Amino acid sequence: MPRSFGASQRARTLSLVTATLVAGGVLVTAGLASGDSDTPADLTLKGAARRLDGDQTASVRSEVRSGHPQNVILLIGDGMGDSEITVARNYAEGAAGHFDGIDELPMTGSYTTYALHKSGPYQGKPDYVTDSAASGTGWSTGTKTYNGAISENLSGVPQQTLLELAKVNGLKTGDVTTAEIQDATPAVQTAHVADRGCYQPGLNNGGTVTKGMNNCPNDTYSITEQQLQVRPDVLMGGGAKWFGASATTGEYAGQTLTAQAAARGFTTVTDQAGLDAVTEADQEHPLLGLFAPGNMPVRWTGPIAKHGGYADPPATCTDNPNRPAAQPSLAHMTQKAIDLLENPNGFFLQVEGASIDKQDHAADPCGQIGETVDLDEAVQVALDFAKQDGNTLVLLTADHGHSSQIINPEDINPASPATVPPGLTTTLMTADGAPMTISYGTADTGGSQQHTGTQVRLAGYGPYAANVVGLTDQTDLYFTMRDGLGLVDDPADASSDGAVTATPAKVRKGKKVTLNLTGFEGDRRASVKVTGPNGYSKTLDLQLTVGSASAQLPMKTLGKYKVKTTGAQTGVAASTSYTVVG
């Protein structure tokens, strides 16, 4: 095994107790450890597999906490359906075992994950199997959308994200992942694009388009550019290779994204030592952690599932030799993010264990199990902070389910072809010292295993956590976090101070006037219409960064010009004027 099985990974004689209470047809769990034993439980004994320890009513009642949290930490296991959790728990902790993070959050429910069809005869109707872009848009904006969209609705209108809203309300913000930071889940908090593949500028002009999507024209700010514009206080993951591209529009046109990050004041680190040296991260100098060219290498490796793999001897997972020693773990990144974000005004932090999904796609059980263990350790970090802080809501969920299933090889008879699984299988030796056969059946060898349309676990700890209980939808999670933090969600009110100024107010013929938009914090875009002498009329469509934008216009004709700015989302308008003189 790549790590020893300690007390938290053994089956317990009395079990690591998880109190369960049926509430509206769903489970509320109150995790309380008891009876750790160095000897695995004899599961043949009456009651040996119990997870309950008497009446749990008082324990459950004590976990229903009123009030509003000051901080929210949202942890996402990408592709971490209940089957993926069970596979990982069986292997790493044993069937009667317990994850000290994932299984420890006391309030438990589940939520639905479907997307919407963008067009065609079923436009606006449920698309039952979501991708990470549509699902993430649900919890980051409260809006259902189509697969591939990053925080835009079905009509392509950008939707304000929770991270952006938190910034407007004065909270510090963070976005941490083990994937490329441009990947769908981190991007849904920090960007607005019609196509999740829009990682860097100019991808449609002879560049390599990621994920087979190409709706990334040169006049669109890419995900990476928008992340630099949105400016979370902490942004960490992989994806360094995309920063070599040069901007094709805006103030930084012609400069690489690496140069733009430096010009914008980001502190960039590339390994754990660099990360450990950072002592502050704020709007003056946000932290940009880029720890891999692409996705961060996974923790464990092992046999890939194959046809007939169930018949092979049980295997064990091993440490991934391609994981650099200087690469920080997800738990380490989570702890550092919390340290840097903690402040009297509160914070919002999203943390993603990304490669549970990616290894499930690859039918790689050791890969997905190791990433689940990695996420569990990050959840433990978040819980430890929340328990000490007393005013933090910790939430854990997945964006969608996935393909891995535990099957019974005793039901397989090679002499009877109808009993042989048509999919890909492999067998691992678990912490119980027993074999576990895992099957992947939604793609063949070399293909990508598919997401599934199942509802997935949603669990919480801390103030406001009771709102995850029962069956909810991904979009409910946005409102739970927004309302819990008490964020102002009225875009018109947020843009009520919207203003436009012209500098200079008197500009000489042949020079440029600069139009500055400020205070449109409820809008993502704004139109600017300039009218003047001799029928002059020009309309600009500007992308706003936290309610602000600027544009320059060359002036050739003498006279007075009127400027009207209108927020695209709110309709809030502001006006000014300037004069061109000789």
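The values are calculated or read from the model by the stated rules, or taken from the named source; none is laboratory data. In this text the structure is predicted, and so the values were computed from the model without any measurement. Backbone-built Cβ (ideal geometry, glycine too); neighbour counts: all protein chains shown. Only protein heavy atoms, including side chains, enter the accessible area calculation; ligands, DNA and RNA are left aside. Shrake-Rupley method; radii C 1.70, N 1.55, O 1.52, S 1.80 Å.
Among the listed residues 160, 123, identify the single one that is within 18 Å of residue 476 (Cα to Cα) and open to solvent by 20 Å² or more (accessible area, probe 1.4 Å).
That would be 160, the only listed residue that is within 18 Å of residue 476 (Cα to Cα) and open to solvent by 20 Å² or more (accessible area, probe 1.4 Å).
Restricting 251, 225 to residues that are at pLDDT below 95 and not in a loop (DSSP other than H, G, I, E, B) narrows the list to 225.
So, residue 368, is that one open to solvent by 10 Å² or more (accessible area, probe 1.4 Å) and either part of a helix (DSSP H, G or I) or among the charged types (D, E, K, R) (or both) or not? Break it down into steps so the answer makes sense when it comes.
Values: open to solvent by 10 Å² or more (accessible area, probe 1.4 Å): no; either part of a helix (DSSP H, G or I) or among the charged types (D, E, K, R) (or both): yes.
Judged against the criteria, residue 368 is not a match.
The set of residues in the stretch 509-534 that are part of a strand (DSSP E or B) and more than 36 Å from the chain's Cα centre (by Cα) comprises 512, 513, 514, 529, 530, 531. Residues in the stretch 373-402 that are open to solvent by 10 Å² or more (accessible area, probe 1.4 Å) and either hydrophobic (A, V, I, L, M, F, W, C) or touching a helix residue (DSSP H, G or I) at 6+ places or on another chain (Cβ under 6 Å) (or both): 377, 381, 385.
Look at the stretch 535-555: where a residue is farther than 17 Å from residue 220 by Cα and touching a residue at least 24 places away in the same chain (Cβ under 8 Å) and a partner is basic (Lys, Arg) and not in a loop (DSSP other than H, G, I, E, B), sitting 6+ places away or on another chain with Cβ atoms under 6 Å, you get 552/512; 554/512. Kindly provide the set of residues from the stretch 341-356 that are open to solvent by 10 Å² or more (accessible area, probe 1.4 Å) and within 13 Å of the chain's Cα centre (by Cα), ordered by number. None - no residue of the stretch 341-356 is open to solvent by 10 Å² or more (accessible area, probe 1.4 Å) and within 13 Å of the chain's Cα centre (by Cα), so the list stays empty.
Give the stretch 438-481 a look and list any residue that's assigned to a strand (DSSP E or B), in contact with a Leu (Cβ under 8 Å, 6 or more places away or on another chain) and not basic (Lys, Arg), or say none. Within the stretch 438-481, 438, 439, 440, 458, 459, 460, 461, 472 qualify.
Inside the stretch 535-581, can you point out the residues that are in a loop (DSSP other than H, G, I, E, B) and either open to solvent by 70 Å² or more (accessible area, probe 1.4 Å) or farther than 12 Å from residue 499 by Cα (or both)? Result: 536, 544, 546, 555, 556, 557, 558, 568, 569, 570, 571. From the list 109, 101, 25, the lone residue that is under 25 Å from residue 484 (Cα atoms) and modelled with pLDDT under 90 is 25.
Within the stretch 88-106, the presence of a residue that is open to solvent by less than 20 Å² (accessible area, probe 1.4 Å) and under 28 Å from residue 570 (Cβ atoms) is excluded. Pairing residues of the stretch 495-508 that are among the basic types (Lys, Arg) with residues that are open to solvent by 20 Å² or more (accessible area, probe 1.4 Å) and in a loop (DSSP other than H, G, I, E, B), at Cβ distances under 8 Å and at least 6 apart in sequence or on separate chains, gives 508/582.
Can you pull out the residues in the stretch 341-362 that are among the aliphatic types (A, V, I, L, M) and touching a helix residue (DSSP H, G or I) at 6+ places or on another chain (Cβ under 9 Å)?
Listed by number, the residues that qualify are 349, 351, 354, 356, 362.
Within the stretch 508-546, the residues that satisfy the criterion of being among the basic types (Lys, Arg) and closer than 16 Å to residue 491 by Cβ are 524, 525. Taken over the stretch 523-534, the criterion of being open to solvent by less than 70 Å² (accessible area, probe 1.4 Å) and either of a type in the set (Phe, Trp, Tyr) or farther than 20 Å from residue 157 by Cα (or both) is satisfied by 530, 531, 532, 533. Could you please find all residues in the stretch 283-317 being open to solvent by 50 Å² or more (accessible area, probe 1.4 Å) and in a loop (DSSP other than H, G, I, E, B)? Within the stretch 283-317, 283, 284, 285, 293, 295, 304, 307, 312, 313, 314, 316 meet the criteria.
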